[in-house]
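The values are calculated or read from the model by the stated rules, or taken from the named source; none is laboratory data. This structure is a prediction, so every number in the text was calculated from the model and none was measured. All Cβ positions, even for glycine, are placed from backbone atoms using ideal geometry, and neighbour counts span all protein chains on display. Note: areas computed on protein heavy atoms with side chains; ligands, DNA, RNA excluded. Shrake-Rupley method; radii C 1.70, N 1.55, O 1.52, S 1.80 Å.
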Amino acid sequence: MDLITTTADLAAACSRLAKHPVITVDTEFLRETTYYPLLCVVQMASAEEAVVIDALAEGIDLKPFFELMGNEGVLKVFHAARQDIEIIWHQAGIIPHPVFDTQVAAMVLGYGDSIAYDQLVEKVTGHRPDKTHRFTDWSRRPLTKEQMHYAVSDVTHLRDVFAALDADLKKRRRSEWVSIEMEVLTSPRTYDFHPERAWERLKTRVRKPKDLAVLMEVAAWREQEAQSRDVPRGRVLRDEAISDIATHAPTTLEKLAHLRSVPKGFEKSKWGADIVAAVERGLARDFSTLPKLEKPRNNSNGAAIVELLKVLLRMTAERHAVASKVIATVDHLEEIAASDEADVPALRGWRRELFGDAALKLKRGELALAIEKGRVVGVQRA
């Protein structure tokens, strides 16, 4: 197979692929040392052919590829699509649509939480993919024949996986479940990395408006710094350090230096002054305009309720052959334990029918859990 290295050849290949209702897509990229991923290789396949594109080829214009990604008449099949879509969104401002993510479909069909591509291929087709080049440096040129074979096999096996999963979804009437998940996956908000929203990505939980204000400002500073320098967020400042800064709100370089999570000597760099300035901006904010903080839960049995909900979730997942993670996360269970009106996916749509209503009944004492013949079962209570 010849590697596509020119815009003309790419346009011709995309024109052929656009004639098919379904194509499979994968990308190879690097982002270990950068904020923005470096797109190195693109591979696609239709029912008739597979192509490999050198995204780093001198003079190549990827516009035909991006136009194909936005073609509404062609379903684009990915596995674990989020990073692939992020790359396309960043480079072209296009969200591929419509799409089908085989990892999400596999979760809906009970193959486990976030199953890896090679494991899914083996389970569905019986073929064991070659994983030799999974962590290869895709930016090095020339690409080897082995790398080309690996790239092609990714999208050719994906054709078989898609066909099997799509048929199973239709048979079990779960295609709509996946469609709902694809709406989230293809929402521009999913890939919105504006600095002012950077704090939402952190797992840090703050309880005071002051802490939240500082967290928002310092997280925004880090995001801007990482973007401008094109380095990973952690290279600028670790999440743990941001959490400490939000809690202690150091307003001087000396106070910043006393935080153990901040790298030694950091306060002497220009970034030390930037952080102190971000802290001061946070403290100067009008706290009444901040997002509402989660109130401490006074329910002394909250932890016990969450544990019961975990049992119910696992029971439901096993009974319906659905990955538990796609139904609800532990964070969602904690929110349900705290409020019947929790704004979580588990209390909406198909998830509510499958699990949410039962979860609320369990909380209200209308449903009990029991063990029958070695299996956990739900028992309706009068």
Looking at the stretch 75-147, what % of the alpha carbon pairs are farther apart than 20 Å? 47
For the stretch 228-322, just run the numbers: alpha carbon Rg, then divide by 2.2 N^0.38 Å, N being how many residues it has. 1.65
What value, in deg cm²/dmol to 500, does the helix sum -39500 (n - 2.57) over DSSP H runs of n ≥ 4 give at 222 nm once divided by the residues of the chain? -14000 deg cm²/dmol
So, over other residues within a Cβ distance under 12 Å of V42, counting Lys, Arg +1 and Asp, Glu -1, the net charge is -4
Answer rounded, prolate or oblate for the stretch 236-382, using the Cα gyration tensor with square roots of eigenvalues a ≥ b ≥ c: rounded when a/c is under 1.5, else prolate when a/b is larger than b/c, else oblate. prolate
Residue by residue through the stretch 357-363, which ³J(HN,Hα) values in whole Hz follow from phi under the Karplus form 6.51 cos²θ - 1.76 cosθ + 1.60 (θ = phi - 60°), with glycine and proline marked x? 4, 5, 4, 5, 5, 4, 5
May I ask you to give the percent of accessible area on the stretch 301-380 that is carbon plus sulfur, with a probe radius of 1.4 Å? 49
Can you give the local net charge around F135? Use residues other than it whose beta-carbon is closer than 12 angstrom to its beta-carbon, Lys and Arg +1, Asp and Glu -1. -1
In the calculated pair distance distribution of the chain, what percentage of Cα-Cα distances lie above 38 Å? 35
Charge dipole of the stretch 195-284 about the Cα centre (unit charges at C-beta), most positive-ward option of G272, T247, A219: T247
Using a 1.4 Å probe, what is the accessible area per residue for the stretch 195-284, in Å²? 53
Where Rh is the Kirkwood radius over the Cα pairs of the stretch 169-282, the temperature 25 °C and the viscosity 0.890 mPa s, what D in µm²/s does Stokes-Einstein return? 157
For the stretch 7-190, what % of the accessible area comes from carbon and sulfur atoms, probe 1.4 Å? 50
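As a test, work out the antiparallel percent of DSSP beta bridges whose residues both lie in the stretch 23-162, rounded to the nearest 5.
Counting only bridges with both partners in the stretch 23-162, antiparallel ones make up about 70 percent.
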Net length gained if the chain between R381 and N71 were fully extended (0.36 nm per residue, minus Cα distance): 106.4 nm
Note down, for the stretch 7-190, the three equivalent ellipsoid semi-axes (square root of 5 times each alpha carbon gyration tensor eigenvalue), biggest first, whole angstrom. 25, 19, 16
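If you restrict to DSSP beta bridges whose two residues both lie in the chain, what percentage is antiparallel, to the nearest 5?
Taking every DSSP beta bridge within the chain, about 70 percent pair in antiparallel fashion.
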Under the Karplus curve 6.51 cos²θ - 1.76 cosθ + 1.60, θ = phi - 60°, whole-Hz ³J(HN,Hα) for the stretch 152-163, x wherever Gly or Pro sits: 5, 5, 4, 8, 6, 5, 5, 4, 5, 5, 4, 4
List the lysines whose Cα sits under 29 Å from the Cα of K63, skipping any in the same chain fewer than 8 residues away. K19, K76, K145
What would the Debye equation give as log₁₀ I(q)/I(0) for the stretch 285-372 at q = 0.20 Å⁻¹, counting only Cα atoms as equal point scatterers? -0.91
